[in-house]
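Below you'll find the structure, written out as C-alpha cells, and then a few comments.
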Amino acid sequence: MTDLEKLQQDLTTWTTKVEKANEKYPERKKQFVTGSNAPVKRVYTPLDQKDFDYEKKLGLPGEFPYTSGVQPTMYRGRLWTMRQYAGFGTAEESNARYKYLLEQGQTGLSVAFDLPTQIGYDSDHPLSEGEVGKVGVAIDSLADMETLFGGIPLDKVSTSMTINAPAAVLLAMYIAVAEKQGVSADKLNGTIQNDILKEYIARGTYIFPPAPSMRLITDIFEYCAKNVPNWNTISISGYHIREAGSTAVQEVAFTLADGIAYVEAALKAGLDVDEFGPRLSFFFNAHNDLFEEVAKFRAARRVWAHIMRDRFGAKNPKSWMLRFHTQTGGSTLTAQQPDNNIIRVTLQALAAVLGGTQSLHTNSRDEALALPTEEAVRIALRTQQIIAYESGVAETVDPLAGSYYVESLTDRIETEVLQYIKRIDDLGGAVKAIEQGYIQQEIQDSAYAWQMDVEKNERIIVGLNKFQIKENPPKGLLRVDPAVGERQKQKLAALRSSRDQGAVERTLAALRNAARGTDNLMVPILEAVKAYATLGEICGVLREEFGEYKPNVMF
Amino acid sequence: MERKIRVLIAKPGLDGHDRGAKVIARALRDAGMEVIYTGLRQTPEQIVSAAIQEDVDVIGLSILSGAHNHLFPRVVELLKQSGAENVLVFGGGVIPEEDIPFLKSKGIAEVFGPGTPTSKTIEFIRANLKRPLN
Amino acid sequence: MNDLIRACFSGDVRAVARLITLLENGDREAYAALYRLKDHAGRAQVIGITGPPGAGKSTLADKLIAQFRLRGLKVGVLAVDPSSPFSGGAILGDRLRMQGHATDPGVFIRSLATRGSLGGISKATHAAIRVLDAAGYDIVLVETVGVGQSEIDIVRVADLVVLVSVPGLGDDIQVIKAGIMEIGDIFVVNKADRDGADRVVREIRAMLELQAQLRRGQIPKGGPDTLAARAPEFLHHTGLAEGWEPRADNESGATGKEESITTPTPGVRPGAGTVSAALVNQEAGTISAALTIAPVLKTIAETGDGVKELADTILNHFETLSRTGELERKRLESIRYQLGQFVSNEIAHLMSLPELAAAQDELARKVFSRKMDVYSAGLALFHTIIEQGASHEHPQT
C-alpha cells in the first residue's frame, strides 16, 4: 500500500487508542473550535492535504495565486509599513502626534478624523455638538489640513486617510496642501479608505445613498488613475465588519463581495479593469486565533487573485494582487486588566505578519477605555518593531506554508468564502444584499452568538470571565480637551470672514451643476476646496443634490 | 394580558457603532422585554420624544464616540422638562470610569462598560424600575 | 383615570402614551373609562397598511406621514410587530424608519407588540385607535405585522386598507389562503423601480377585474377556471400568496344570479371592488368601462415617488366611502367586532377569577374520572360564568 494508505490505517488505530484513553482522562473540552467556531481536529496530517499542489494552491511568492504573498521577497526586501492610526482634537495637536510618531520610527501616517468630519458636517453644525475632535482630528477646511501637515513633507511620507463618504473632499484638500508645498500630485503616496459599502454594513458614517456614492468612488478612481497614479484609491475593508461581530470567513467574504461590487461599478463607468485594478487595496482585522487569522489572509489572497483574473479578465498581474493593511482587533481588548491587551496585540500583530500584511497598525493597551496616550502608543509601535527585528519571523516568506493545519484552514476558509460570494451574487450583488439586510443579519447573528458564548463561559476571555481581579479604575487616560469644539467654531468664524466669499459661491455653484450632470466631481471639488469652502458647505451641496442614505436595520 | 417592561435603546450623536446596541436589544427581547430601537444619529430631542410616545420604563443610551458627557445629561434634562421622571436611564459603550460619577450626578442610573454581560444589565433593569411591575 | 382621559382629549402626549400602555396591559378600568365615551370617537380616518415583510411598509408610512402633514393633518401611527413566542419579548423596529417625525408635535408614533395575538394586530390596537381618535388625530395609520393566513384583523379595525406588495419577492413569500384580494381597498406596488413592477400592476388589476366580474355573476372569458389557473402564478409574482383557490361563494356566476353589490358576502369585505371609476389610476387602459376596481398605484417609498398620489387617493377614497354609505357599514361592522371582543374579554376575565378557575378545575376532574360527561360539565361551567358575570363588579367611572 502507499504511504498515505498506511498512514490512514495508523491514524485510525491511533485515534481509537486516544479516544479510549480520553474516557478516563477527557480532553479539556467536548468540542474544540477556532475563534470563528469552526471545528478543530486533534491533529492534521498529510492525509488532510492529499491533493496539495504547491504551484496551484500557493504559487511561489509573488506569483499567482499569491497565497504566500504578493511580493517575491516580502519582508526580506522591505518590512511592512508601521502605520499607527492617530488623530484627535485640533490639527495642531494631531500634527504634533504625527511628528512624534515619525521620530519614533513610524514609517507612514494614518489620519483619524472626528465624526463630524467623517459625516460631512462642520464643527459648528448642531449635530457636531460634543463630538468635535473626539475620535479624530477636526477638519473643516483646507486651512485645517494645512495645519495638520505643516512641516511634514508630503513627497516623503505616505499617508493613509480613514475617510469614506467625503473622501473626495479630503483627498482634494491633501492634493491642494501638497501643491502649496510644491509637490505635484503625481508624487503623492497614500490611501483613502473610500469604502462606502462597509459603512452601510457596519460602520455607520455614510452620507449619500448607494448610487451617488458609487459615482463619487468611480470618479476618484478615474481622476487618480490620470493625476495621482501612486495613490491607493480605495481600501476595501473587512476590519469593521469583523468588529461588528462577524466571523473570519464572513470578514473575507463580505469584503471581497464589496470589492466585486466596486470593480463592477468602475467597469460600468467605463474604466479599464487594469487601470484601477492595481490601485485597489484592502484592510483586514487580526483577531486572537493565530492560525485561523493567518489562513484567512492567505485564503483572501488566493480567492481575490482568481476573481480578478478569471471573473474580471484582468491582464495586469498587479490587478491580481491583494495588498492589504491590517489593524489588530479593537473589540478583542478588555477594559479589565488593560496590560493584558499588550499581549493580545502581540499575538494579533504576529498573525498579521505571518499572514503577509503590507502595513500594520497595532492597538494600544487602553483601547477599550479611550484614545491612546503617548506612552501606550509607543508600546504598540515597539510591539511591531520587536516582531520585525527580534523574532525571526520576517526572515523568510510565508513560514507557515505547508503546515497541514494551516493549509487545511486556508482551504476551508476559501471554500466557505466562495459559498458566501455565490449567495451574494444570487441576491444580485453586494449592494442588493445590503439593501435586503442579508449581510447585516449574518453579522448580527454572529455577534449575538459570540456574546452568548462568552456569557455562558464557553469562550474564555482572560480577566473578563476568568482570572478576574478587583481593580481600581485606570489613571492617566487621554482626554480630549472639550474646548476643542469652541476653538474650531472660532476658526470657522475667522475663516468665513477672511475668505473670498464670491469665489466660494462660484465654486459651490459649479459643484452643484456638476453633481446634476456626469462630469468628474473631483475637479469642481478641488476648486471649491482651494477657495476655502468648508467641508460642511461642500457636502451640504451634495446632500441636497444626492439625498441622504436611510439604512435598513435588521434584527 | 400582562405588563411588559418597555425599553428604548438609542444611539445618540454621530457614532455609527451599533453592535452593542443590537446585542443588548436582542438580549432584552430574549428576557421578555419589549425593545424599541431608535437607529443611529439621534438627537436628545428625538430620543426623549420617542421615549414619551412609547411610554418606556427604561432608556439605554449607547455611545462609543466620547460625546457622552454632553449628550447623556441632555437626555435626562429633557426627560425632566417633559415631566417624564419615572424613566430609568442607563448608558453603555466606551465611557471612562472617571466620567461615571459625573454622569450619575446628572441622573444616569448606571453605566455598563465594555465586557459587561447582558445578564447584568437585565438584572439591573429588573431591580431598578421606577414604575412597579404591578 | 378621569384626569388621564381628560388629558388625552387635550392632546397631552404623555397621557395618550400612558393610556395606551394601560390598555395594552389589560387594565379594565382604562377600558371602561375609554369605552364609556359615546361622543369622542369616529372623527379620525383609520388607514391600515399591510403586506408581506420586505414590502417597505414602514418606509411608505414614513413618507405618507409627511404627505398628510403637508396637508395640515395630525397623524397618529400604531406600528405592530410580532412578539417572540419563546420569550414573550419583542424588538419593535418600525419606528426606526419614521424617527424623522419624532419631534413633530403633530405626529404620534407608538410601537405595539402582538403579545400573542395572531391576527396581525394586537388586542389593544382597536382601543389604541380610539385613544388617538379622541386625542384629536385626523389620521390614524395602523401598520400590521405582515399579511398571511390569519393576519387580517386589520380589516376589522380600519376604514381603509392599503395592501403593499413588491415585485420579485422570490422564495420568501408568505403562504396565505383565499381572501387576500378582498382585504385591500387600495393596492400599492412599492419598489416600483425594480424589474417586473409593471407586470405586477397589470396582474393585480386583472385579478381585481376577474373578481369584479365574478361578483356580478359574469363568467369571465375562459370560465371560472381562468381564476384558478391564473391565480397561483399571479399571486406568486406579487408576493401576495401561494396556493390561492377561489372560494365557493365567488362562483355566483354558476347560479346565474346577479349578486347585489350591497349585500356582503360572508368573509368578503363589502366595498372591495366597488370603488368608482374616478379613482382608478389613469394608466389603467385595459379596464373596461363597465367594471370599476380598486386603485392600483406604483410607489418608490425610498425616494417618495408616487406617495403624493397615494395620499390623494386615500383621502379621496374616504370621501367616496362616506358618500356611498360604505364608511358607515364598515364602522358598524367594526363596532360589532368590538362588542364581540368586549364580551370575550369579559368572559376571559371571569374565567381567570379564582372561583371560576376552581370551578373549571373541579368540573374537569369530574369529567376525567367519568363522573360527568363533557357536555354537562360544559353547560354547568357556562351557567356558572353567567351567574358570576351577573353579580361581578365592573369598573365604575
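The values are calculated or read from the model by the stated rules, or taken from the named source; none is laboratory data. Note that this is a predicted model, so its numbers are computed, not measured. For neighbour counting, all protein chains shown are included, and Cβ atoms are generated from backbone atoms with ideal geometry for every residue, glycine included. Each accessible area value is taken on the protein alone, full model and side chains, heavy atoms only, with ligands, DNA and RNA left out. Shrake-Rupley method; radii C 1.70, N 1.55, O 1.52, S 1.80 Å.
Here are the numbers for the structure shown:
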{"item": "Theoretical ellipticity at 222 nm over the protein assembly as shown - DSSP helices of four or more residues, -39500 (n - 2.57) apiece, nearest 500", "result": "-14000 deg cm²/dmol"}
{"item": "Portion, in percent, of the accessible area of the range A:272-314 that falls on carbon or sulfur, probe 1.4 Å", "result": "49"}
{"item": "Accessible area buried between chains A and B, both sides summed, probe 1.4 Å, in Å² to nearest 100", "result": "3000"}
{"item": "Cα-based reach from C:K123 at 28 Å (exclusive), listing lysines while leaving out same-chain residues under 8 positions away", "result": "B:K4, B:K22, B:K130, C:K38, C:K57, C:K63, C:K74, C:K177, C:K330"}
{"item": "Of the GluC sites (Glu not before Pro) in the range A:372-463, those whose Cβ has at most 16 other Cβ within 10 Å and which sit in DSSP loop", "result": "A:E458"}
{"item": "Complex-versus-alone comparison for the range A:507-555, residues with a loss of 50 Å² or more in accessible area, probe 1.4 Å", "result": "A:V553, A:F555"}
{"item": "Solvent exposure of chain B as accessible area per residue, Å², 1.4 Å probe", "result": "33"}
{"item": "Accessible carbon and sulfur surface of the range C:301-342 relative to its total accessible area, %, 1.4 Å", "result": "53"}
{"item": "Added length on full extension, which subtracts the Cα-Cα distance from 0.36 nm per residue, A:T16 to A:A493", "result": "163.9 nm"}
{"item": "Extension gain from A:K156 to A:Q419, taking 0.36 nm per residue of separation minus the Cα-Cα distance", "result": "90.4 nm"}
{"item": "Loop-resident sites, the range B:22-98, for GluC sites (Glu not before Pro), counting at most 12 other Cβ within 10 Å (DSSP)", "result": "B:E85"}
{"item": "For the range A:14-74 versus the range A:469-530, the gap between their alpha-carbon centres in whole angstrom", "result": "50"}
{"item": "Gained length - A:M554 relative to A:R382, 0.36 nm times residue gap less alpha-carbon distance", "result": "57.8 nm"}
{"item": "In the C-B interface, the accessible area buried, summed over both sides, Å² (probe 1.4 Å)", "result": "2600"}
{"item": "Cβ-based net charge around A:R203, under 11 Å, with every Lys or Arg adding one and every Asp or Glu removing one", "result": "-3"}
{"item": "Restraint check, A:K318/A:K432; B:K11/B:K104; A:K318/A:K530; A:K17/A:K41; A:K550/C:K298, Cα-Cα greater than 22 Å", "result": "A:K318/A:K432; A:K318/A:K530"}
{"item": "Complex-versus-alone comparison for the range B:49-64, residues with a loss of 20 Å² or more in accessible area, probe 1.4 Å", "result": "B:S49, B:A50, B:I52, B:Q53, B:E54, B:D55"}
{"item": "C-alpha center-to-center spacing [the range C:39-80, the range C:337-370] in angstrom", "result": "38"}
{"item": "Interatomic Cα distance distribution for the range B:6-127, bins of 10 angstrom, percent", "result": "14, 52, 33, 1"}
{"item": "Within the range A:1-53, trypsin sites (Lys or Arg not before Pro) in DSSP loop having at most 13 other beta-carbon neighbours inside 10 Å", "result": "A:R28, A:K29, A:K30, A:K41, A:R42, A:K50"}
{"item": "Peptide A:334-340 - average C-beta neighbours from other chains (10 Å radius)", "result": "2"}
{"item": "Heavy-atom accessible area, 1.4 Å probe, ligands and nucleic acids excluded: residues of the range A:433-448 down by at least 40 Å² from chain alone", "result": "A:Q444, A:Y448"}
{"item": "Highest average packing first - A:509-518, A:95-104, C:159-168, A:156-165, Cβ atoms within 10 Å", "result": "C:159-168, A:156-165, A:95-104, A:509-518"}
{"item": "Heavy-atom accessible area per residue - the range C:95-164, 1.4 Å, Å²", "result": "22"}
{"item": "DSSP H segments from chain A that extend 20 Å or more along their own axis, Cα-based, with Kyte-Doolittle mean of -1.0 or above", "result": "A:167-181, A:210-227, A:248-268, A:290-306, A:340-354, A:374-390, A:404-426, A:438-455, A:483-498, A:501-516"}
{"item": "Span from the the range A:365-411 Cα centroid across to the the range C:93-155 one, whole angstrom", "result": "54"}
{"item": "10 Å Cβ neighbours from other chains, averaged over peptide B:114-121", "result": "5"}
{"item": "Exposure ranking of C:H383, A:H306, C:H101 by accessible area [1.4 Å probe, largest first]", "result": "C:H383, A:H306, C:H101"}
{"item": "Where labels lie 7 Å past Cα in the beta-carbon direction, separation of C:R194 and C:D361 in nm", "result": "5.3"}
{"item": "Percent carbon-and-sulfur accessible area, the range B:6-127, ignoring ligands, DNA and RNA, probe 1.4 Å", "result": "51"}
{"item": "Separation in nanometres of the label points that stand 7 Å from Cα toward Cβ, at C:S10 and C:D373", "result": "6.3"}
